[in-house]
Amino acid sequence: MIENFLGSTADVGYNRPMLQTARPKEKPGIAGPPHERYFDAFGWMLLARTFEEKLASLYRGGRITGGVYVGKGQEAVSVACGIFLRKGDVFAPLIRDQAGRSAFGEPLVDVARTYLGSRQGPMRGRDGNIHRGRPREGQLAMISHLGAMISVVVGSLMAKRWRGEKGFIGLTTIGEGGMQTGSTHEGLNIAAVEQVPLVVVATNNHFAYSTPNEREFACQALVDRALGYGFEGYEVDGTDLAACLDVIGSAVKRARAGRPPQLVVASILRLAGHGEHDDFSYVTEDIRKQPFARDCLQLAERFITENKLVDAETLRAWRDQAAQEVEQAFSTAQKEPVPEGTEEDWCAISTRVLCDQAE
Ligand SMILES: Cc1ncc(C[n+]2csc(CCOP(=O)(O)OP(=O)(O)O)c2C)c(N)n1
């Protein structure tokens, strides 16, 4: 079994057989994939979509307590955020980044454990959804307050620099709604002042909850802000997997090469509600017909099929493999115990001693 770059033997991750089969068939006259990581990336997108569909169905069946937030339509952007990072880098994903988290090495079973409240999960059953992290492996736990993670990543990068580490970068994601917070402004500003090797990928999915772009910001294009902050800025069609890999991959390379911080703004439509509790009925038919509303996973699959990059059988095998991994992750997590309140010695905002004294 091949070890992934984190040196772990996660039950999913870089060891997946799907990745080994995900190679273009060498046939004369048939073009190869448009990016060397295209099939790898497609595999992670498929896995994330399959996982989140299962998650949504468990939520609807009342099997999950708390909220479920999915990245449907955002997988191409997200996977490109995780796939180019390596050991020593810092990754701070947000709620729609399962594809990127998986590509960066997060074991799928840990995601299932978190949602199902397993005591063996990274949150030990105390968080219902997306605040999990793996700080030792460079994946920071998400702070919900929008924009807060930018400063956290900047701080992590400064610490690495002071420790004399070399060759690392940081990447964090943000929504167009999150781009409007004061914390984002502070984070972007200090990143450029300190010239840290940072990539910020902002996904404009056209709504923050139900608030549309015209009520979020008044500038023509969010990428125009890059210049004002001292970043280099790029835009990408977030529905196009090859473009996401090119543009975000290049931004990662530039950050690693010591260029100023990088801002990439991707455009998509969120193809689900803000969370599974939201029917997104505020998204009009007209918006659903826009080019940015296309489904990145369907587009990538169509591209693969129309260009005969792999045959139908291989595609089916990839889908089956994803479904199998998802089933395995959930069935493992479902068998594990949840925390027992009376046995817990952990306190959120205090120490056990202080709690005991107060009782
Ligand atoms: C500072 C702050 N204000 C408000 C919220 C509540 N909130 C959580 S998600 C969200 C919408 C985020 O929209 P966007 O940044 O566009 O990301 P998307 O959910 O569309 O991916 C809001 C307002 C928050 N978490 N933090």
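Cβ separations smaller than 6 Å between residues 6+ apart or across chains give the following pairs from the stretch 58-74 residues that are closer than 17 Å to Asp127 by Cα and in contact (Cβ under 8 Å) with a residue 12 or more places away in the chain to residues that are of a type in the set (S, T, N, Q) and in a loop (DSSP other than H, G, I, E, B): Gly66/Asn129; Gly67/Asn129. Across the stretch 213-235, which residue is nearest to Gly187 (Cα to Cα) among those that are within 16 Å of the ligand (Cβ to nearest atom) and either in contact (Cβ under 8 Å) with a residue 12 or more places away in the chain or crowded, with 18+ Cβ neighbours inside 10 Å (or both)? Looking at residues that are within 16 Å of the ligand (Cβ to nearest atom) and either in contact (Cβ under 8 Å) with a residue 12 or more places away in the chain or crowded, with 18+ Cβ neighbours inside 10 Å (or both), I get Arg225. Take Phe330 and tell me if it is more than 20 Å from Ile130 (Cβ to Cβ) and among the aromatic types (Phe, Trp, Tyr). So Phe330 does not fit the description; no.
Checked against the criteria, Gln139 counts as buried (at least 24 other Cβ atoms within 10 Å of the Cβ) and more than 18 Å from Gln262 (Cβ to Cβ).
When the helices (runs of 4 or more DSSP H) confined to the stretch 296-359 are screened for residues that are modelled with pLDDT of 95 or more, those reaching at least 1 such residues are found at 296-306, 312-335. Would you call Leu47 within 23 Å of Gln120 (Cβ to Cβ), surrounded by fewer than 20 Cβ atoms within 10 Å (Cβ to Cβ), aliphatic (A, V, I, L, M) and more than 14 Å from the ligand (Cβ to nearest atom)? The answer is no for Leu47. The residues in the stretch 156-198 that are in contact with an Asp or Glu (Cβ under 8 Å, 6 or more places away or on another chain) and not in a helix (DSSP H, G or I) can be counted, and the count is 7. Condition first: within 27 Å of Pro33 (Cβ to Cβ), at pLDDT 95 or above and in a helix (DSSP H, G or I). Can you find one or more residues in the stretch 277-292 that meet it? Yes.
Among residues of the stretch 165-193 that are closer than 24 Å to Asn205 by Cβ and among the acidic types (Asp, Glu), those with a beta-carbon under 6 Å from a residue that is within 12 Å of the ligand (Cβ to nearest atom) and in a strand (DSSP E or B) at least six positions away or on a different chain give the pairs Glu176/Asn204. Tell me yes or no: at least one residue of the stretch 122-129 is crowded, with 19+ Cβ neighbours inside 10 Å and of a type in the set (Asp, Glu). For the stretch 122-129, residues crowded, with 19+ Cβ neighbours inside 10 Å and of a type in the set (Asp, Glu): absent.
Just one of the numbered conditions (1) within 25 Å of Leu245 (Cα to Cα); (2) in a loop (DSSP other than H, G, I, E, B); (3) within 16 Å of the ligand (Cβ to nearest atom); (4) among the small types (Gly, Ala, Ser) is not true of Gly128: (1).
The values are calculated or read from the model by the stated rules, or taken from the named source; none is laboratory data. Note that the coordinates shown come from a computational prediction; the quantities given were computed from them, not determined experimentally. Cβ coordinates were reconstructed from backbone atoms using ideal geometry, including for glycine residues, and neighbour counts include every protein chain displayed.
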